[in-house]
Each structure stands twice: as C-alpha cells, then as structure tokens.
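The values are calculated or read from the model by the stated rules, or taken from the named source; none is laboratory data. Worth saying up front: this structure is predicted, and the values here are computed from it rather than measured. Here Cβ is always computed from backbone atoms with ideal geometry, including for glycine, and neighbour counts include all displayed protein chains.
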Protein chains: 2
Amino acid sequence: MIPVYTREQMEAVLRPSDVIQAVEEGFVAYSRGETVVPPVGELLFENPTGDCHIKYGYRTGDPSFTIKIATGFPENAKKGLLTSNGVMLVFSSQTGELLAILQDEGFLTDIRTAAAGAVAAKLLAPRDVEGIGIIGAGTQGRLQLEYLKEVLPARKAMVWTRSRERAEAFRVDGFEIQVADSCSGLAGRCRLIVTTTASRQWLLGPSDVHRGTHITAVGADGGGKQELHPELFSRAAVRAVDSRKQCAQFGDSSYALQEGRIQIEDLVELGELIDGKKPARENDEQITIADLTGVAIQDIQVAKLALRRLMARKDFVSN
Amino acid sequence: MIPVYTREQMEAVLRPSDVIQAVEEGFVAYSRGETVVPPVGELLFENPTGDCHIKYGYRTGDPSFTIKIATGFPENAKKGLLTSNGVMLVFSSQTGELLAILQDEGFLTDIRTAAAGAVAAKLLAPRDVEGIGIIGAGTQGRLQLEYLKEVLPARKAMVWTRSRERAEAFRVDGFEIQVADSCSGLAGRCRLIVTTTASRQWLLGPSDVHRGTHITAVGADGGGKQELHPELFSRAAVRAVDSRKQCAQFGDSSYALQEGRIQIEDLVELGELIDGKKPARENDEQITIADLTGVAIQDIQVAKLALRRLMARKDFVSN
C-alpha cells in the first residue's frame, strides 16, 4: 500500500530552517530554467462557490515529481469546515509509481509561502529591523513571524487586521506583539512589513511607507487581489518577485505594470537575487518589495523534503 | 483519515453491466455539454522515457469531482513493474474535501475503455455476430471480450497479435478462441472487430474489411498511434467517436480528416447515438467504425460508481 501521511506527522518533522533552504534552492532552480512546471489546472464551482487548482511538475534531474491539488470553498466556514484544503502526491519520475500521499490539508502550502517570506527578508530586509509589521492576522500572518524568526533577530511585531478583536487575539510564540490602529500607523513603525490578506484593494499607499522599508506581499495570489498601491513599485529600488511571468499576470506587480509605472525588466526574481545575478538591497534607505504569488517549485521542494523526513521516521505507521 | 481503496477491492465490487451503464450515461452527458472537463495536464520524462497525464472534471450537478493521474513508463517492463499506473481522487464539489483515494493502478481506466467498447457494440454491431475479432492480445483485448459478453450473445472469438506465442496464450472465460494468421484473415471471419494495440501504423486496410463489419478501435489514444487505414473511414456508413473534438486531434479519425477523406461533421458522438439524435447502424451491410480515444467523463463516471460500491462494503477497512 502507498503510504499516506497526515498533517500532524508533517508538522512534527518539518523544521522551518530546512523548509527555507528547500524553497531557496527551488527559487534558484526556477530562475535558472531548471524546472518543468506546466500551466496550472483549474476547476471552478458555483453553488456553493469554490475552486480547485492543480499545480504539478519537477526540478530537472529529480527522481520524483509532485502533483498538488488545492481546493478553496469560502462557504465552508459557515459549516465549521476548513475553507482551504489540499493534498500532494509524490510520484517516481523513474517508474511513474505513486510514492506517497501527503494529506497535508494545505499545511505544506502555508509553510512554503512563509518560507518564501523568510527568503525575501534574508535578501531584502534592512539591517537592524526592530519591529516586524504583519497585515492580516490569520494563519499566514502567524507563520510569517515564525519563519522570520529563523532569519532575523527581531522579536517585536505589530499587527493590523480589519477586526480589532482578531488583532488583539493574535499571538506568536517568542514575539511581543502590539496592535496597530491602521496600516499607515503600522508602516510608520515597522521597517519590515508582510501583507497576508485576501484584500481586493490596496492597503498600503505611497505616503504610508517610509524610507528603508521592505515589504513582502503574499496575499495577491490570484486575479483581482491587491495589497499594495502601484506607485510603491515606482518608488521601490528593488521589485522582487517569485516568478516574473506569473507576477505579470496577477499579484501586486501586475497593476504597476498595467499602469506603466514599471516595465517587466524592472522585476527581478528571488532566484536571481540568491544566485547573485542581480543586486539585492544596497543600503538602509531604499524601499524594496517582494511580490510573492506562489509557484509550484515551492510545493515541489517542500513535498520532497517532507517525504524525506517522513520516511526517515520508522515509527510513523502509514496506512 | 481519507479512505484509500485498492485495486483488488475495486475488482471485487464492480460489475461490468453497471460500468457499461455508467459510461453510457457519461457519453450522453458529454455530448449534451453537461460536463466540465478542462484540457488534460501532461508531464513528459526522458531517461527513462515516461509520461504522466492528469484528467479531471465533473458532470454538471454532481456532488463530487474526480482527478485521475495516469503514468506510463514503457521501460518498467524490463524491471518487472507495470508499465502503466494510476490513481484517482474523488473530491466533494460542495466542500472541496478529498473523499477517497482510488489506488486502482490503472484498473478503472482499463474497464472504462472496455465499457466504451461494449457501448459501441450495442449501438453499431450487426445482428447475429458469430465471432468477435480481437487484434492485440493484452489486458484490453481480454477486457473487451469480457465486456462484450454483457451485450452480445457471441461466445466465439479470434485473436491476432504480433507474437504467435502470446496469441496462443490468450484466454478469456466463456469464450472459444482461435488464433488468426493475419489481421486480414481475422477480418475475413469476424463481423465485429476490436483493435487494442499500441500500433503506430494501420493494421486493417480497406480491402481487409468486409461488408457488414463493425470495428471498434481503442488503441490510438494519443498522437502518432494508428490502427485503421484512413480509407476505411470513407467507406464507413457511421463513423462514431467518443469525442469529436478529441478524435479530430488524434485517434484514427484524425488521419482520415487530415487526408480530407471525411469532414468533422461526418463524425458522430456515441452520446448522440445513445440519445437518438443521430442514426446508428441501419442494416447488416454497412461498415461502421467507433474510434475511441478515451475521455475524462468515462473516468469520472467509473470513479463515482466505484466509490458508491466501495463505501457500501462495510467490511472494507480503509487505511
């Protein structure tokens, strides 16, 4: 029988530092063209509204390939169910055999997104960040802090979200957290800001963001979503993206491109920054942005890592 | 935990007559436009050569949707492994939750193809077929006979395949089987012929096929594969297909279209025949063809049926 692993088992074996490294290597491979990732498959549902996305591919030379199936059904919340769900399948690229089913319920997607935030901060955060600003107080906001802890010494954070109550309830181990009155207030105090919302209009405007700030925007992972005012892209010294191609289609960069505020050549991929092919932040006065829409190579890298760690645990009975 | 069902469990619960009915209903829904089936996802591998295809979708109004992942690695044979493999996942289209994993190793694909052959024979075989001709003596050849047994009284068959030894070893319960010396010889004796090979050039030529014969061709399920001479399509009174759109791209019909021997309007879908929208065979003198390339709705229908039957078996411990 094929091993089926649970979310809890993955939570037990995956260390943030390893996930960050796997995602970092994935971005490099992606930007070097050493990945095979076909267009995303999609199914849409009405009544109730829902969607299913199929992302799949492999890193050239890998002995495995990965298929990730993620569903989103917003109305699940009313039924007391998770609104997003997922499963990843890892197959041998030598024989086509199914090697394992990672019944992660979206956990691997959550952490690969958090890991990308950490990769961006390593490259682009100014020196001596004192407070980290988190916009959006959900699972991803919490994970961003947990992963930033691995790469930055800052242990103070400020949070803003639409519901004051949810902001007050936001806790992350090891962080001293304050609630901000507004996005603008938060941006006045934090030199590293991560936006993690499902917003469909910008939350951070050009006058909100101070010199020497880095912003990582992870919320705009599909058409119609937006967190940053396009003018921020004109002001930024570095406009990093996970995928130039994908961020030109959606993500915050796409609005700046559509409005002609920047050109596609102005976007630099994280993989190029890691590889030293393009310059990252040059001083503590620059504004920098990382627009992260999520790419399949992150899923592929994290699935491989998870499977390696899970298989090493002989005590995990699978099936 | 999500239930994971094995091939053996599916073999135990699926009756050919039910599978044929499910596939028949699927063809009707497909031809009425009552299915949602996006383009097939594909990954190709070299060293060793292999492929992975992702077919997915649902029938409008279904409470579930299905994703089928099928891999083919021809060099597996040398390693003593199955050359084709597969898994189907059934999800709720109400909540996006994964309902079950059907670890069918390609079994559901095999039987949905056999069931399509039976559907075609019901509609297009001449009356009083005495002997059934099977070209290609593999799993699909055997299943075609097992499924034809449900819809035709004929219990004699003739088989041809490249290896005489494999042809001699071909056995199907309830059938008296003779080995043919050639495709032409087989076509001279059988008024119902099913081709089930991986051939890349035609096996049945225009002079081989006698009046009153129906041919079902199931082998040409991808580009470059061919079993029937294109001229047979000019001679046929009915050129049935599972999907007009897909058969125009590959399948035996595509060659006849490319050579201008027939027009796309000359192709009629099985769903239209079942629905009575187009005429099937009119007499026992006509030549008819069914070119079956395999469509996702067949997988969807069979996966739903399998899951219904599997869940009814309380003794099946899943996981």
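The table below gives the values:
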read-out: Residue list for region A:59-106, filter: assigned to a loop (DSSP other than H, G, I, E, B), within 9 Å of chain B (Cβ to nearest Cβ) and over 22 Å from the mean Cα position of the chain (by Cα); value: A:LEU81, A:SER93, A:GLN94, A:THR95, A:GLY96, A:GLU97
read-out: Region B:160-197: number of residues that are closer than 19 Å to B:ASP110 by Cα and of a type in the set (A, V, I, L, M); value: 3
read-out: Sole residue being more than 17 Å from the chain's Cα centre (by Cα), aliphatic (A, V, I, L, M) and surrounded by 24 or more Cβ atoms within 10 Å (Cβ to Cβ), chosen from B:ALA312, B:ALA290, B:ALA303, B:ALA256; value: B:ALA256
read-out: Residue match in region B:220-227 (condition: at pLDDT 95 or above and not polar (S, T, N, Q)); value: yes
read-out: Region A:44-88 - residue that is in contact with a strand residue (DSSP E or B) (Cβ under 7 Å, 6 or more places away or on another chain) and β-branched (Val, Ile, Thr) and, of those, farthest from A:ASP104 (Cα to Cα); value: A:THR60
read-out: Pair list, Cβ under 8 Å, 6 or more apart: region A:130-153 residue without any contact (Cβ under 8 Å) to a residue 40 or more places away in the chain and under 12 Å from A:ALA167 (Cα atoms), other residue aromatic (Phe, Trp, Tyr) and in a loop (DSSP other than H, G, I, E, B); value: A:ALA137/A:PHE170; A:ARG142/A:PHE170
read-out: Among (1) under 18 Å from A:ILE69 (Cα atoms); (2) in contact (Cβ under 8 Å) with a residue 24 or more places away in the chain; (3) acidic (Asp, Glu) - the single one B:GLU42 does not satisfy; value: (2)
read-out: Extreme residue, farthest from the other protein chains (Cβ to nearest Cβ), among residues of region B:11-37 that are over 18 Å from the mean Cα position of the chain (by Cα) and over 13 Å from B:THR60 (Cα atoms); value: B:VAL13
read-out: All positions within region B:274-314 that are of a type in the set (A, V, I, L, M, F, W, C) and either within 22 Å of B:LEU228 (Cα to Cα) or in contact with an Asp or Glu (Cβ under 7 Å, 6 or more places away or on another chain) (or both); value: B:ILE274, B:ALA280, B:ILE287, B:ILE289, B:ALA290, B:LEU292, B:VAL295, B:LEU305
read-out: Within region A:38-50, considering residues that are facing chain B (nearest Cβ under 8 Å) and surrounded by 14 or more Cβ atoms within 10 Å (Cβ to Cβ), the one farthest from B:ASP62 (Cα to Cα); value: A:PRO38
read-out: Any pair with Cβ under 7 angstrom, 6 or more apart, that starts in region A:255-267 at a residue that is assigned by TED's automatic domain parsing to the domain that holds A:ASP242 and closer than 14 Å to A:ALA236 by Cβ and ends at one that is at pLDDT 95 or above and small (Gly, Ala, Ser); value: A:ARG261/A:SER234; A:ILE262/A:SER234; A:ILE262/A:ALA256; A:LEU267/A:SER253
read-out: Helices (runs of 4 or more DSSP H) wholly inside region A:135-242 that include at least 1 residues being surrounded by 24 or more Cβ atoms within 10 Å (Cβ to Cβ) and of a type in the set (Gly, Ala, Ser); value: A:139-148, A:183-189
read-out: Cβ pairs under 9 Å, 6+ apart, first in region B:226-250 and free of Cβ contacts under 8 Å to residues at least 40 places away in the same chain, second among the aliphatic types (A, V, I, L, M) and part of a loop (DSSP other than H, G, I, E, B); value: B:GLN226/B:ALA220; B:HIS229/B:VAL209; B:PRO230/B:ILE262; B:SER234/B:ILE262
read-out: Of all residues making up region B:248-267, the number that are of a type outside the set (Lys, Arg), modelled with pLDDT of 95 or more and either within 15 Å of B:GLY294 (Cα to Cα) or assigned to a loop (DSSP other than H, G, I, E, B) (or both); value: 7
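Yes or no, residue by residue, for (1) in the same structural domain as A:CYS52 (by TED's automatic domain parsing); (2) at pLDDT 95 or above:
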position	(1), (2)
A:LYS78	yes, no
A:VAL90	yes, yes
A:ASP128	no, no
A:ILE134	no, yes
A:THR139	no, no
A:GLN144	no, yes
A:GLU150	no, yes
